[in-house]
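Q: Have a look at this one.
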């Protein structure tokens with residue numbers, strides 16, 4: 001690994017990320033964590049992996065006209081992430097918030113590596129980013145996650161289904177193969193980035209209980225109480 | 001093309017074996033005469049029978065327009081800015097530069113990754129990080145850096161436009177309220193950065209503070225040597241292989 005470009009300034013905030021396949025239940029769980037911390041009166045903020053206005057237009061155009069290659073796909077999403085990181089995530093960290101991220105750079109590491117980008121190039125490119133204090137990875141069998149998605153949303157988009165990879169011409173079959181490859185990439189990263197594994201097949205309230213315990217252990221929560229709240 | 005085709009790990013899914021053309025980069029600040037020289041070189045190359053393509057910054061189909069807009073609005077932080085330009089670069093590299101080289105074109109790059117890197121380094125970005133991002137770039141066959149003293153750049157720019165450009169004056173990182181002073185400071189720092197990169201990247205420094213014709217002659221002589229290794233123009237691919245236009249749609 002190349003030397004990381006670490007932020008030189010103090011970042012009293014904490015960062016908790018959730019990662020996993022679409023349909024692994026991670027969004028539900030991070031939402032429950034957010035509700036818990038809010039209701040308990042902590043300084044908490046939520047951020048998700050979607051596009052800023054800045055590059056939304058370009059991404060949309062690129063996807064629609066199929067202009068994107070693995071490299072430009074990766075770069076444009078990193079640009080988008082950097083915009084959100086510099087304008088939102090880092091300021092929140094500097095201001096002492098607990099930041100909850102629904103997907104983080106590991107999503108890009110997995111997805112872009114499946115598309116053929118060099119893993120070390122990806123890590124270098126994203127090295128401006130602070131590592132999360134906790135990364136929960138939601139482990140569910142690929143078939144379970146895929147059937148949840150296919151059950152609720154019949155129309156798959158071109159890139160979402162990974163059709164650009166040419167794995168299969170059938171969108172559903174392509175999605176299945178694409179997701180299994182992403183899953184493999186995630187598992188390969190688990191040790192490198194110290195993922196905390198969550199069994200996504202357990203009942204939601206049981207998972208939530210475990211998440212909260214880990215968060216209590218790893219983060220000194222009282223430090224993040226709003227002072228002006230009753 | 002050069003033996004080591006990429007600065008870093010290169011591009012996935014892109015075959016760069018058998019690139020028959022030549023990639024020639026001209027670097028230099030606005031007012032250095034860079035664009036004029038590019039135009040004259042393009043005319044010259046086509047006159048002697050080489051298919052030629054000119055590429056430059058913010059000209060990609062993918063994000064060119066968005067970058068122009070963002071440039072006017074000054075709404076991006078530094079890392080975002082750098083990555084957005086890298087996206088623009090990669091799109092042109094994969095969709096214009098490499099296909100043209102494959103067809104045997106001479107590609108003239110009106111600035112390349114060096115400007116993109118130097119600008120960000122002057123603005124405080126980590127040089128290692130930027131170098132890593134641009135590991136996707138193809139190593140050019142020659143890089144000419146037209147250098148002109150900052151005071152002369154200011155004179156020429158004001159003579160032509162009557163105003164100094166916001167970005168070329170480094171007003172986003174200004175240290176003084178005096179725009180002229182900002183311009184001189186920024187251009188001086190940019191030149192220092194270019195000079196410090198020279199050894200690693202093997203620029204040929206061209207003294208731009210001379211008659212236009214003298215500079216053109218020097219560039220033609222140096223480019224002539226590079227062309228010597230190519231088959232004669234008649235053997236190059238037909239000019240219809242790649243559209244010799246800025247925008248493809």
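None of the figures in this text is laboratory data; all of them are computed from the coordinates on show. Predicted model only: the values in this text are computed from it and were never measured. Cβ coordinates were reconstructed from backbone atoms using ideal geometry, including for glycine residues, and neighbour counts include every protein chain displayed.
Q: In whole angstrom, and with the biggest value first, how far do the Cα coordinates of the protein assembly as shown range along each principal axis?
A: Result for the protein assembly as shown: principal-axis Cα extents of 78, 56, 35 Å.
Q: Compute the long axis of helix B:113-122 from its Cα atoms, compare it with the longest principal axis of the Cα atoms of chain B, and write down the angle in degrees, 0 to 90, nearest 10.
A: The angle comes out at about 20 degrees.
Q: Rounded to the nearest 5, what % of DSSP beta bridges with both residues in the protein assembly as shown are antiparallel?
A: 5
Q: Shifting gears a bit: In what order do A:144, B:52 fall by count of nearby beta-carbon atoms within 10 Å, going from fewest to most?
A: Fewest to most other Cβ atoms nearby, the residues stand as A:144, B:52.
Q: Something else now. Mean-square fluctuation check for chain B, GNM, Cα pairs under 10 Å: which of B:134, B:180, B:85 is largest?
A: Comparing B:134, B:180, B:85 in a Gaussian network model of chain B, the most mobile one is B:180.
Q: Moving on to the next point. Name the residues of segment A:132-146 whose amide N is less than 18 Å from a point 7 angstrom out from the Cα of residue A:190 along the C-beta direction?
A: Backbone N within reach: A:134-146.
Q: Once R0 is set to 25 Å, what does the formula 1/(1 + (r/R0)^6) return for the Cβ-Cβ distance between residue A:57 and residue B:15, expressed as a FRET efficiency to the nearest 0.05?
A: 0.20
Q: Output the antiparallel fraction of DSSP beta bridges having both residues in chain B, as a percent to the nearest 5.
A: Around 5 percent antiparallel, to the nearest 5.
Q: Computed from the mean reciprocal separation of all distinct C-alpha pairs, what Kirkwood hydrodynamic radius does segment A:112-230 have, in Å?
A: 17.2
Q: Here is a follow-up. Show me A:195-203, B:183-191, A:84-92 ranked by packing, highest mean number of other Cβ atoms within 10 Å first.
A: B:183-191, A:84-92, A:195-203
Q: By how many degrees, 0 to 90 and rounded to 10, does the Cα axis of helix A:204-218 deviate from the longest principal axis of chain A?
A: Relative to chain A, helix A:204-218 is tipped by roughly 60 degrees.
Q: Any idea what angle helix A:142-152 forms with the longest principal axis of chain A, computed on alpha-carbon atoms, 0 to 90 degrees, nearest 10?
A: Once rounded, one gets 80 degrees.
Q: Taking each residue of A:62-70 in turn, how many C-beta atoms of other protein chains fall within 10 Å of its C-beta, and what is the average?
A: 4
Q: In what sequence do B:206, B:226, B:79 fall when counting other Cβ within 10 Å, fewest first?
A: Exposure proxy ranking, most exposed first: B:226, B:206, B:79.
Q: Sticking with this structure for a sec: So if I take the centroid of the Cα atoms in segment B:153-230 and the same for segment A:127-141, what is the distance between those two points in Å?
A: 44
Q: Give me a single rounded figure for A:117-126: the average over its residues of other chain Cβ atoms within 10 Å of their Cβ.
A: 5
Q: Determine the distance separating the Cα centre of segment A:163-230 from the Cα centre of segment B:84-100; give it in Å without decimals.
A: 34
Q: Sorted from fewest to most neighbouring beta carbons within 10 Å, what does the list A:227, B:72 look like?
A: Least to most surrounded, the residues fall as A:227, B:72.
Q: Now for a separate question. Convex hull over the Cα atoms of chain A, averaged projected area in nm²?
A: 13.2
Q: Most mobile of B:140, B:127, B:150 per a Gaussian network model of chain B (Cα springs, under 10 Å)?
A: Ranking B:140, B:127, B:150 by mean-square fluctuation puts B:127 first.
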